[in-house]
Amino acid sequence: MLVARCSCMNAKTAKQEQFFELLRSFTTAMLTTRSLDGELRARPMAIARVAEDASVWFATDVTSMKVDEIAKAPRVNVSFQSRDTFLSLSGFASVHDDRKMIGEYWQSTWNIWFPDGPEDPRLALLRVQGQYGEYWDMSGLKSVAYLWQAGRSLLTGEPPQNVGDHDKVKLS
């Protein structure tokens with residue numbers, strides 16, 4: 001039986017491959033939602049899983065305000081940052097109470113928030129289905145090039161040009 005898949009799951013473009021490679025290197029992120037009164041709110045989240053369909057999964061407490069915010073306004077942004085790599089993922093969030101999936105994704109560090117383990121009734125999974133991504137990769141030799149250009153910039157007064165890899169990616 002053939003199953004139709006989004007283009008991001010079949011032959012990924014070089015930009016998509018680069019985005020996914022960078023995305024998989026992160027263990028935490030900042031999830032931004034729209035509060036019930038319309039303000040933007042961001043909070044740190046531990047990543048449970050990055051899936052091949054451009055979705056990022058997190059553990060969440062079903063009684064948390066973010067669950068109410070997502071129910072009202074599911075469009076979210078997830079940002080990722082390390083010393084030399086930055087990503088932005090825009091998409092739609094949804095909450096899932098699939099106990100089998102929760103068991104598969106369970107991480108012992110979640111015991112801090114969910115002492116009853118994967119069966120904790122407050123525990124659910126939050127999925128962000130990515131639609132668009134953007135990345136800035138200054139790792140490896142690119143960081144050396146940046147330092148050189150930054151020093152040059154201080155001497156000349158001209159901002160650095162074309163430093164690192166930066167691109168926007170359509171994911172779904």
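Here, each number is a calculation from the coordinates, and none is a lab measurement. Model, not experiment: these values are computed from the prediction. Note that we place each Cβ from the backbone using ideal geometry, even for glycine, and neighbour counts take in every protein chain shown.
Among the criteria (1) hydrophobic (A, V, I, L, M, F, W, C); (2) surrounded by 13 or more Cβ atoms within 10 Å (Cβ to Cβ); (3) at negative phi, the one residue 71 does not fulfil is (2).
Of everything in the stretch 45-68 that is touching a Ser or Thr at 6+ places or on another chain (Cβ under 7 Å) and more than 20 Å from residue 134 (Cβ to Cβ), the residue that is surrounded by the most Cβ atoms within 10 Å (Cβ to Cβ) is 66. Considering only residues in the stretch 75-105 that are free of Cβ contacts under 8 Å to residues at least 40 places away in the same chain and assigned to a loop (DSSP other than H, G, I, E, B), the one that is nearest to the chain's Cα centre (by Cα) turns out to be 83. Restricting 63, 109, 27 to those that are more than 28 Å from residue 139 (Cβ to Cβ) and either touching a helix residue (DSSP H, G or I) at 6+ places or on another chain (Cβ under 7 Å) or among the hydroxyl-bearing types (Ser, Thr, Tyr) (or both) reduces the list to 63.
Count of the stretch 106-120 residues, restricted to those that are assigned to a loop (DSSP other than H, G, I, E, B) and either in contact (Cβ under 8 Å) with a residue 12 or more places away in the chain or touching a Pro at 6+ places or on another chain (Cβ under 9 Å) (or both), is 4.
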